[in-house]
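Following: one structure in structure tokens, then a few remarks.
The values are calculated or read from the model by the stated rules, or taken from the named source; none is laboratory data. Predicted model, so just to flag it, every value in this text is computed and none were measured. Note: ideal-geometry Cβ built from the backbone for every residue, glycine included; neighbour counts use all protein chains shown. These accessible areas exclude ligands, DNA and RNA; they are computed on the full protein's heavy atoms, side chains included. Shrake-Rupley method; radii C 1.70, N 1.55, O 1.52, S 1.80 Å.
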Amino acid sequence: MNSLALINEFLGQPPNASSHGYQIDHILEFCHWFMAALFFGWSAFFIFVLIRFRRRRHPRADHLGVRSGISTHLEFSVVLIEAVLLLGFAIPLWAKRVNQFPPGKEALVVHVVAQQFSFNYHLPGPDGQFGRRDVGFVSNSNPLGLDPNDPAGKDDIVTTGELHVPVNRPVIAELSSKDVIHDFFLAAMRIAGDAIPGSLIPIWFTPIKTGTYEVICGQLCGLGHYGMKGTLVVDTPQDYEAWLKERAELAGGAQPATSPGAPAQNKPPAPAAAPSPGGE
Ligand SMILES: [Cu+2]
């Protein structure tokens, strides 16, 4: 077992499945080994000092203290290593995550809307355009409040709990929330982002291994928080197309809000009496 796998197991992390995850694992790994070295180093120094300056040998205190420069050099090297870790690795990696988003055309853009206690996903469908959403249209069958009168929303796909993405293609997830602050945490992809009501927070990652991964909520968001889990399935491009097709067919039949002859429950446009201010 290599040391990266060791540190993942020690921290209880699933193996990495994203293109940038190895860099995060390497920083984690280095930090832990460095902290272990500091722990043993300082512990040894502490024991040495206890013995070396014991009262029996030094009945009277020496008010001048240490005269050699060793401790200054040691302290300085520790600060230097920490500065290199922060400025050389952590900040550049973070900057890349928040500044260098893949171009929208190349990436798969998905809206993630969190709520107590599940994650909803909104995909734009074949036209590549997200339909308008309004809190006034929210109902049990229309959890995201898709506007039934917006043509861009006719082919949109809305799922709850399970999201499929194709392998080796960047995914941009735009996070928001319907109620409290949640956190969309994909441990295997080494990425997480808070879902905050009233905000749209984008995160991105590129899955590099097909498989089924766990999605969890990383913010204590209420009594059902422990059960706020979902599934991310990374498919081959063919499987992904099949899933899209299946979802599109399901959406055609199961979403009264978007089919023409639907029951009238969602027909009237946003009632003025909608109690939630702001919407999302
Ligand atoms: Cu939550």
Which count do you get for residues in segment 1-60 that are in a helix (DSSP H, G or I) and either in contact with a Pro (Cβ under 7 Å, 6 or more places away or on another chain) or among the acidic types (Asp, Glu) (or both)? 4
Identify the single condition in (1) in a strand (DSSP E or B); (2) open to solvent by 100 Å² or more (accessible area, probe 1.4 Å) that residue 114 does not satisfy, given that it satisfies every other one. (2)
Enumerate the pairs (first residue in segment 105-134 and away from the ligand (no atom under 16 Å from the Cβ); second residue anywhere and modelled with pLDDT of 90 or more and assigned to a loop (DSSP other than H, G, I, E, B)) with beta-carbon separation below 6 Å, excluding pairs fewer than 6 apart on the same chain, so at least 6 apart or on different chains. 107/170; 108/169
Considering 155, 179, 194, 183, which residue is within 16 Å of the ligand (Cβ to nearest atom), outside any strand (DSSP E or B) and open to solvent by 10 Å² or more (accessible area, probe 1.4 Å)? 179
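Here is a yes/no grid of residues against (1) of a type in the set (Gly, Ala, Ser); (2) open to solvent by less than 50 Å² (accessible area, probe 1.4 Å); (3) in contact with a helix residue (DSSP H, G or I) (Cβ under 6 Å, 6 or more places away or on another chain); (4) over 30 Å from residue 172 (Cβ atoms):
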site	(1), (2), (3), (4)
27	no, yes, yes, no
41	yes, yes, no, yes
52	no, no, no, yes
55	no, no, no, yes
65	yes, yes, no, yes
72	no, no, no, yes
86	no, no, no, no
98	no, no, no, no
Tell me the residue from 210, 206 that is among the hydroxyl-bearing types (Ser, Thr, Tyr), closer than 24 Å to residue 28 by Cβ and either away from the ligand (no atom under 12 Å from the Cβ) or in contact (Cβ under 8 Å) with a residue 12 or more places away in the chain (or both), please. 206
Subset of segment 135-147, residues open to solvent by 10 Å² or more (accessible area, probe 1.4 Å), away from the ligand (no atom under 16 Å from the Cβ) and part of a loop (DSSP other than H, G, I, E, B), comes to 138, 139, 140, 141, 147
In segment 172-193, the residues that are closer than 21 Å to residue 143 by Cα, charged (D, E, K, R) and in contact with a Gly (Cβ under 8 Å, 6 or more places away or on another chain): 183
